[in-house]
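What follows is a set of notes on a single structure, which appears directly below.
Every number in this text was worked out from the coordinates using simple rules, so none of it is lab data. These numbers come from a predicted model, not from an experiment. Neighbour counts are summed over all protein chains in view; Cβ atoms, including those assigned to glycine, are modelled from backbone coordinates with ideal geometry.
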Amino acid sequence: MIDIQNYIDGTLRAPVNGEYFDNIEPATGKAYARIPDSNEKDVEHAVAAAERAFPIWSGMSTAERSAILMRVSEGINAKLDELAHAESKDNGKPIKLAKSVDIPRARDNFAFFATAILHDENAMHDMGQNGFNYTLRKPLGVVGCISPWNLPLYLFSWKIAPALAAGNCVVAKPSEVTPMTAFLLSSICMEAGMPPGVLNIVHGYGQSAGQAIVSHPTTKAISFTGGTSTGKIIAGIAAQQFKKTSLELGGKNANIVFGDADFDEALKTSVRSSFANQGQICLCGSRLLIHRSIYTKFRDAFVERVKALRVAPPHLETSQVGAVVSEAHRNKIEAYIELAKEEGGTVLCGGKRVVPDAPFNNGYYLEPTVIEGLSPHCRTNQEEIFGPVVTLMPFDDDDEAVAIANSTPYGLSSSIWTHNLNRAHRVAEKLDVGIVWVNCWLVRDLRTPFGGTKASGMGREGGFYALEFFSEPKNVCIHLPRIE
Ligand code: NAD
């Protein structure tokens, strides 16, 4: 059993109350580590350390801050294999995915923001004969970052890196379901020479440790990624104290395949966009909309490919679909599959548990599941399932595709598959989402705005959008009287 520790004021510490809870490995269903059950006392220490560190960190030149953050990036790279294995064990995701996506992206997040601050510039507004204005951008102070379990170090670093780069000190909490790589990051930060208190990582439950970060009067902004219902609670608390909030929440994304799409490419990528990370990526296309002219052919080819996906323990290089993150989550996904049947859906493939050989026979494995025959407005097609479940729906024209895509409370992302340039631009413009991919999925450029509309959240992460969120603009007006 590994005891995970909090990282506060540059040291690794047990929680003040000495309490821990189990960290379960989804691949086996067994506990393999203990997580600090931190509360407001640990958060108090973390905030105080961050407050003390703020003048030192914000007083450094951008070149000095950049160098430290680059060393963190290099430290992640040097431990890529170890971190990937830890991520796969903690989350249940295939090791191949952790090695090729999660950990490289965490490394790149630090490098991206470490270098972005070297190229930042501020605005000047000229008033001609009257003078001019210039805009100073100042870090906010102590900020809170709270992240989910689906892409643990990837999303944790996506928040922490810009917050630190902009000169803030951070109190962060990873998901209690997947805390291991954030714990390993603590040592990497120490080795990188990050001054004590600049980054503090408090482990524990959302309602105790997480909410204490949000409620603390000293945290000036909260960057949160997680479920929409949690986002509502956080927004309510933060609004009372006029805190800045960036909320990246749930999704119910439409993947739209038009009749003129590149069939093979759309097919191949749609399997990935439906089931990558066991369908537990906020950007997964959980509703596959297919033009009626190709519906049957596409459906049959899609189901054939999905049936061929290899569900297996995540440490195996051949595993394509690993374990879902927890028993509770598996039960939730199964309940949605039952709901889909009650709502009149037909399960074309999947829907059942997979039981690998011991010691993985108590892990949380589910077959990738494809369902058709449901109304776009039923609960299965309106609510976020966040698992290896995709529904298929036919449509007759562009307007209908857009109407179905926009019909949910969510508005995170969408993919469009077509060779018609006019259609691609027209439909992209009409989709009520923050991110549209044309003839691709999850192609990411870290400079672009990232975020959703409606119940998928508010604010944008990414590039200078994130650096702006984590800083406060101040206008300085210089009046230049005429020289007589
Ligand atoms: P969650 O909302 O249950 O938890 C997210 C984090 O918030 C965890 O660290 C948790 O401990 C913390 N938390 C919970 N209650 C809290 C409270 N009252 N105060 C403060 N913190 C609290 O979400 P999850 O189950 O970990 O993640 C899955 C959800 O995340 C899905 O809805 C998914 O769509 C969403 N997600 C969104 C994006 C995006 O970019 N929009 C990315 C990944 C995941």
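Taking R0 as 45 Å, what FRET efficiency do you get between D396 and K232 from their Cβ-Cβ distance, rounded to the nearest 0.05? My answer for the efficiency is 0.80. With Rh defined as the Kirkwood radius, the inverse of the mean 1/r over Cα pairs, the Rg/Rh of the chain is 1.00.
Residues whose amide H falls under 5 Å from that of I290, counting only those 5 or more places apart or on a different chain, are V257, M393, F395, with hydrogens built in the peptide plane.
Each residue, T62 and N130, gets one label point 7 Å from its Cα in the Cβ direction; the gap between the two is 2.9 nm. Dipole magnitude for the chain: computed about the Cα centre from +1 point charges on Lys and Arg Cβ and -1 point charges on Asp and Glu Cβ, it is near 180 debye. When the listed pairs K173/K244; K30/K232; K138/K243 are checked against a 24 Å cut-off, the alpha-carbon distance exceeds it for K30/K232.
Show log10 I(q)/I(0) for the stretch 96-251 at q = 0.12, 0.18 Å⁻¹, two decimals, from a solvent-free Debye sum over equal Cα scatterers. Treating every Cα as an identical point scatterer, log10 I(q)/I(0) equals -0.55, -1.11.
For the pair E383 and I478, the difference between a 0.36 nm per residue extended length and the Cα-Cα distance amounts to 28.9 nm. Farthest toward the positive end of the dipole of the chain, out of W437, N331, P314, is the Cα of W437, where the dipole comes from beta carbon charges about the Cα centre.
Take the Cα radius of gyration of the stretch 254-438 and divide it by 2.2 N^0.38 Å, N being the number of residues; the result is 1.01. Around S407, with a cut-off of 12 angstrom between Cβ atoms, what is the net charge of the other residues, counting Lys and Arg +1 and Asp and Glu -1? With Lys, Arg at +1 and Asp, Glu at -1, the net is +1. Computed from label points 7 Å out along Cα-Cβ, the spacing between K268 and E317 is 2.1 nm. Which of the residue pairs K41/K89; K252/K430; K454/K474 have a Cα-Cα distance greater than 27 Å in the structure shown? Violating the 27 Å Cα-Cα cut-off are K41/K89; K454/K474. Packing here is the average count of other Cβ atoms within 10 Å per residue, and on that basis the peptides 162-169, 139-146, 368-375, highest first, run 162-169, 139-146, 368-375.
Karplus-based coupling profile of the stretch 266-277, in residue order and whole Hz: 4, 5, 4, 6, 5, 5, 5, 5, 7, 10, 4, 6, with θ = phi - 60° in 6.51 cos²θ - 1.76 cosθ + 1.60 and x standing for Gly or Pro. Between 0 and 90 degrees, the angle of helix 327-342 with respect to the longest Cα principal axis of the chain falls at about 40 degrees. Counting Lys and Arg as +1 and Asp and Glu as -1 over every other residue whose Cβ lies under 14 Å from the Cβ of A235, the net charge comes to +3. What net charge is computed for the residues neighbouring V72, neighbours being all others with C-beta under 13 Å from the C-beta of V72, Lys and Arg scored +1, Asp and Glu -1? Its environment carries a net charge of +1. Projecting label points 7 angstrom from Cα along Cα→Cβ for R426 and R353 puts them 5.0 nm apart. Amide hydrogen proximity for V354: with H placed 1.01 Å from N in the peptide plane, the residues at 5 or more positions away or on another chain lying under 5 Å are Y365, L366, E367. Between the C-alpha center of the stretch 293-361 and that of the stretch 42-107 there is a gap of 33 Å. Protection proxy ranking for 383-392, 13-22, using the average of other Cβ atoms within 10 Å per residue and placing the highest first: 383-392, 13-22.
Taken one residue at a time, the phi angles of the stretch 66-73 give Karplus couplings (6.51, -1.76, 1.60, θ = phi - 60°) of 4, 4, 5, 5, 5, 5, 5, 4 Hz. Gly and Pro are set to x.
Treating each Cα of the stretch 11-131 as one equal point scatterer and applying the Debye formula with no solvent, the log10 of I(q)/I(0) at q = 0.11, 0.20, 0.21 Å⁻¹ comes out as -0.63, -1.17, -1.16.
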